[in-house]
Amino acid sequence: MDGFKEARSLEELQDHVKENDVALLYLYGEHCSVCHAVLPQIKPIVESYPEIRPLQADVQNLPEIAGEYTVFTIPVVLLFVDGREVMRFARFIEKNKLNEQLEKITSALKG
């Protein structure tokens, strides 16, 4: 799916979270119509925060991701700061609420 850089393994996702101060994961399914509709709406929002390092992964192709990140529905947006999950949005993701939360979190990190 065209969007953020695609992770090819659970290990790549885990490394991404460990190596970046602020890491965002977009977990989706290739055959999920909601996932395909949400990504183009949230991508410009996420990209407006240069400190956030995004990565996406297809949970249907890598089912071990669901267990690792406790994913029961897709799509899911997870935000990690210093390796700890600080935000989670799932299924129907409201872009205004997502932007609001990203603004609060990134502002707190700057201040």
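The values are calculated or read from the model by the stated rules, or taken from the named source; none is laboratory data. The structure presented is a predicted model; accordingly, all values stated were derived computationally and were not measured. Ideal geometry is used to build each Cβ from the backbone, glycine not excepted, and the neighbour counts take in all protein chains shown. All accessible areas refer to the heavy atoms of the entire protein, side chains included, with ligands and DNA or RNA removed. Shrake-Rupley method; radii C 1.70, N 1.55, O 1.52, S 1.80 Å.
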Seminar exercise, completed: Of the candidates E64, E47, the one satisfying the condition of being free of Cβ contacts under 8 Å to residues at least 24 places away in the same chain and either open to solvent by 20 Å² or more (accessible area, probe 1.4 Å) or under 23 Å from E100 (Cβ atoms) (or both) is E47
Exercise. Do we find a residue being over 20 Å from R84 (Cα atoms), out of contact with any strand residue (DSSP E or B) (no Cβ under 9 Å at 6 or more places or on another chain) and assigned to a helix (DSSP H, G or I) anywhere in segment 15-33?
Worked result: yes
Exercise. Among the candidates Q56, Q41, which residue alone is open to solvent by less than 10 Å² (accessible area, probe 1.4 Å), touching a residue at least 24 places away in the same chain (Cβ under 8 Å) and either closer than 16 Å to K5 by Cα or polar (S, T, N, Q) (or both)?
Worked result: Q56
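Residues checked against (1) part of a strand (DSSP E or B); (2) modelled with pLDDT of 95 or more; (3) not basic (K, R):
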{"site": "I42", "(1), (2), (3)": "no, yes, yes"}
{"site": "I45", "(1), (2), (3)": "no, yes, yes"}
{"site": "Y49", "(1), (2), (3)": "no, yes, yes"}
{"site": "A57", "(1), (2), (3)": "yes, yes, yes"}
{"site": "Q60", "(1), (2), (3)": "no, no, yes"}
{"site": "I65", "(1), (2), (3)": "no, yes, yes"}
{"site": "V77", "(1), (2), (3)": "yes, yes, yes"}
{"site": "M87", "(1), (2), (3)": "yes, yes, yes"}
{"site": "F92", "(1), (2), (3)": "no, no, yes"}
Problem set entry | Residues located in segment 32-66, provided they are among the small types (G, A, S) and farther than 16 Å from V17 by Cα | S33, A37, S48
For this session: For residues that are under 13 Å from the mean Cα position of the chain (by Cα) and surrounded by 15 or more Cβ atoms within 10 Å (Cβ to Cβ), scanning just segment 1-11, find the one that is modelled with the lowest pLDDT.
Result: G3
Exercise. Being closer than 22 Å to S107 by Cβ, of a type outside the set (A, V, I, L, M) and either open to solvent by 50 Å² or more (accessible area, probe 1.4 Å) or out of contact with any Cys (no Cβ under 7 Å at 6 or more places or on another chain) (or both), is that true of even one residue in segment 12-23?
Worked result: yes
Exercise. Does T70 satisfy the condition of being β-branched (V, I, T), open to solvent by 60 Å² or more (accessible area, probe 1.4 Å) and out of contact with any helix residue (DSSP H, G or I) (no Cβ under 8 Å at 6 or more places or on another chain)?
Worked result: yes
Seminar exercise, completed: Counted residues in segment 12-31 being more than 14 Å from A66 (Cα to Cα) and modelled with pLDDT of 95 or more come to 11
